[in-house]
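Written below as structure tokens is the structure these notes are about.
Just so it is clear, none of the values below were taken in a lab; they were calculated from the coordinates. Just so it is clear, the model here is predicted, and its values are computed rather than measured. Because the Cβ atoms are built from the backbone with ideal geometry, glycine has one as well, and the counts that use them run over all protein chains shown.
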Amino acid sequence: MAGDDGHGCPKKAAEKLDGVTFKSGKATLESNAKNILKTVAKKLNSDDSYKDLKIVIQGHTDNVGKEKSNQKLSENRAKEVMKTLTKFGVDKKRIKAIGMGSSCPVDDNSTADGREMNRRIEMHFVTPDNDGTKCDSPFGQE
């Protein structure tokens, strides 16, 4: 399998799905997000460096609101992205969706810009040493 010989070939870094946005406080995709996901699905299905990979969709929120509701919202958003990708032809056996809530910030939650950066969907690639469910952000971790 190309790119997966276990001898120093670069592994795929997580990808933030820029433009995959939702209605405020909901797991309803904005209309532009569907077009972006259609492009992502095409890449996952036809690009040789992607088509054999298993992926994990991680949903993330900022820290505004209750932790429990943020966790649920992030999970529902990740599931919605997964559902949309499968609708566009990605085999559902390749995809897992998880919610990270506000536990994995990439920026400072005390600013509006930081909170916006923390509200995101990421696509992680499963490797033998990473199941795609861990927080990849060094920001704010003690």
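Estimated purely from DSSP H runs of n ≥ 4, each contributing -39500 (n - 2.57), the mean residue ellipticity at 222 nm for the chain is -10000 deg cm²/dmol once divided by its residues.
Distance between the pseudo-spin-label points of residue 135 and residue 72 (7 Å out from Cα toward the beta carbon): 2.2 nm. For 18, 131, the sequence from fewest to most other C-beta atoms within 10 Å is 18, 131. Among (i) 113; (ii) 137; (iii) 127, which is the computed volume of the Cα convex hull per residue in Å³? The listed entry that was calculated here is (i).
Between 63, 130, 109, find the one with the highest GNM mean-square fluctuation for the chain; connect C-alpha pairs within less than 10 Å. Answer for the Gaussian network model of the chain: 130. When the range 101-142 is described by a simple charge dipole with +1 on each Lys and Arg Cβ and -1 on each Asp and Glu Cβ, the residue from 127, 103, 137 located farthest towards its positive end is 103. The residue list 45, 19, 71 was ranked by how far each Cα lies along the charge dipole of the range 15-125 toward its positive end, using unit charges on Cβ atoms, and 45 comes out on top.
If only the Cβ of Lys and Arg carry +1 and only the Cβ of Asp and Glu carry -1, the dipole of the chain around its Cα centre is close to 900 debye.
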